[in-house]
Amino acid sequence: MIDGFGRNIDYLRISVTDRCDLRCVYCMPEEGVPKLPHDAILHYEDMVRLVKVFAGLGFRKIKLTGGEPLCAKNIDYLVREIKQVPGIEQVTMTTNAVQLDRHLLPLYEAGLDAMNISLDTLDRDLFFRMTRRDKFPEVLENIRQAAEFGKIPMKINVVPMAKEQKLWDVAELARDYPIAVRFIELMPIGTGKEYDGCTREDTMELLTERFGPLTPYAGTLGNGPAEYFSIDGFAGKIGFISAISHKFCDSCNRVRLTSTGFLKTCLQYDTGEDLLKVIRAGGTDEDLEEAIGKALAGKPRAHHFDVSDGSMSVGDEAHGMSQIGG
Ligand code: SAM
Ligand code: SF4
């Protein structure tokens, strides 16, 4: 579907739940998020219905996110249902991998095309301080299992914030396995506003010192805005997603559906349409198409996280990534 700035929007990220079994400091408050009544959130049948409507409008790629998708009941059922929607070419997931072991086979059998696993450090103590949960051994073991299973392509996502994360250790996963390790710039959203991230340049310098030059990789890996680099002796690639310092809004291809059914058209702003309201009011698929069309027509041209004079505060997003579906 073409938005008001001529961009082809064909990628929908769905927050299947705002619950999570970790509490990453830059994403969720320590106490978690308030539990919502069942009727205030999208149910699986709502999500499948919406995906059918989106597919009819030209959407082709779906990412299941959250919160933690593996905390949602029978998530493989949802993957299977969405995979069967005519027009949908790719269903992927982003997960913290805490519970991946028992989901790996069902997700593969349901047809999951790829997954991104979030892992910020290989230091158990720092992992605990960054996520407020002592789950590092499980996560590492599950990543090892998934890499050995090898049937669901995966990438590792890292939010670089501090030197003590020993980013080179995480990068070494791309040396040992044919997977991409991507460094994602910290966004000033939710509790993320309270922290400073490392710049892309700092991370590149750190990796160059350790491993030698990073050579730009011309090929493509996935559909996202990451830029990839090769390092001699590495089986996989190193990637950077730098939404603030290397803004890519001109080629934005995505919108987000929150777990409360709000179609959010830009990560920074609260512009969009309440699709849950349309569904609960008994709206038809045509009503949903109309609401989606209206949201897309109003999709902002760009975010302004990079404007630091405070002038862009009106309409700023007040929710955290776990609620928006990062
Ligand atoms: N729980 C899953 C996970 O961690 O992959 C899916 C949801 S999580 C919100 C999706 C991604 O958003 C993770 O890679 C996480 O690191 C990232 N994220 C959360 N808050 C962020 C922030 N303030 N800035 C940048 N990335 C953030
Ligand atoms: Fe949970 Fe993912 Fe947010 Fe961490 S980043 S608190 S794992 S939703």
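Annotations for the structure displayed:
- Verdict on residue 22 being crowded, with 18+ Cβ neighbours inside 10 Å and under 14 Å from residue 288 (Cβ atoms): no
- Annotation for the stretch 37-59: no member residue is within 13 Å of ligand 1 (Cβ to nearest atom) and over 30 Å from residue 197 (Cα atoms).
- In the stretch 139-156 there is no residue matching the filter, namely being in contact with a Cys (Cβ under 7 Å, 6 or more places away or on another chain) and surrounded by 22 or more Cβ atoms within 10 Å (Cβ to Cβ).
- Number of the exception - residue 4 against (1) under 18 Å from the mean Cα position of the chain (by Cα); (2) under 16 Å from residue 264 (Cα atoms); (3) more than 16 Å from ligand 1 (Cβ to nearest atom): (1)
- Near pairs, Cβ below 6 angstrom, 6+ apart or cross-chain, from the stretch 66-77 (among the acidic types (Asp, Glu)) to any residue that is not in a loop (DSSP other than H, G, I, E, B): 76/106; 76/107; 76/110
- All helices (runs of 4 or more DSSP H) inside the stretch 215-326 with 3 or more residues being among the aliphatic types (A, V, I, L, M) and modelled with pLDDT of 80 or more: 275-280, 285-297
- Considering the stretch 168-194, the residues that are hydrophobic (A, V, I, L, M, F, W, C) and within 14 Å of ligand 1 (Cβ to nearest atom) include one that is nearest to residue 67 (Cα to Cα), namely 189.
- Odd one out for residue 114 among (1) buried (at least 19 other Cβ atoms within 10 Å of the Cβ); (2) in contact (Cβ under 8 Å) with a residue 60 or more places away in the chain: (1)
- Filter result for the condition that a residue is touching a Phe, Trp or Tyr at 6+ places or on another chain (Cβ under 9 Å), farther than 25 Å from residue 187 by Cα and either of a type in the set (Val, Ile, Thr) or modelled with pLDDT of 95 or more (or both), over 51, 16: 51
- Top-ranked residue of the stretch 77-98 - restricted to ones that are more than 30 Å from residue 25 (Cβ to Cβ) and assigned to a helix (DSSP H, G or I), ranked as nearest to ligand 1 (Cβ to nearest atom): 82
- Condition check for residue 109: surrounded by fewer than 20 Cβ atoms within 10 Å (Cβ to Cβ) and either closer than 22 Å to residue 229 by Cα or out of contact with any Lys or Arg (no Cβ under 9 Å at 6 or more places or on another chain) (or both): no
- Every residue from the stretch 41-59 that is assigned to a loop (DSSP other than H, G, I, E, B) and either surrounded by fewer than 21 Cβ atoms within 10 Å (Cβ to Cβ) or of a type outside the set (A, V, I, L, M) (or both): 41, 43, 57, 58, 59
- When the stretch 1-40 is filtered for residues that are part of a loop (DSSP other than H, G, I, E, B), of a type in the set (Val, Ile, Thr) and out of contact with any Asp or Glu (no Cβ under 6 Å at 6 or more places or on another chain), the ones remaining, listed by number, are 16, 17, 25.
The values are calculated or read from the model by the stated rules, or taken from the named source; none is laboratory data. As the structure is a prediction and not an experimental result, all values here were calculated from the model. Positions of Cβ are backbone-derived with ideal geometry, glycine not excepted, and every protein chain shown enters the neighbour counts.
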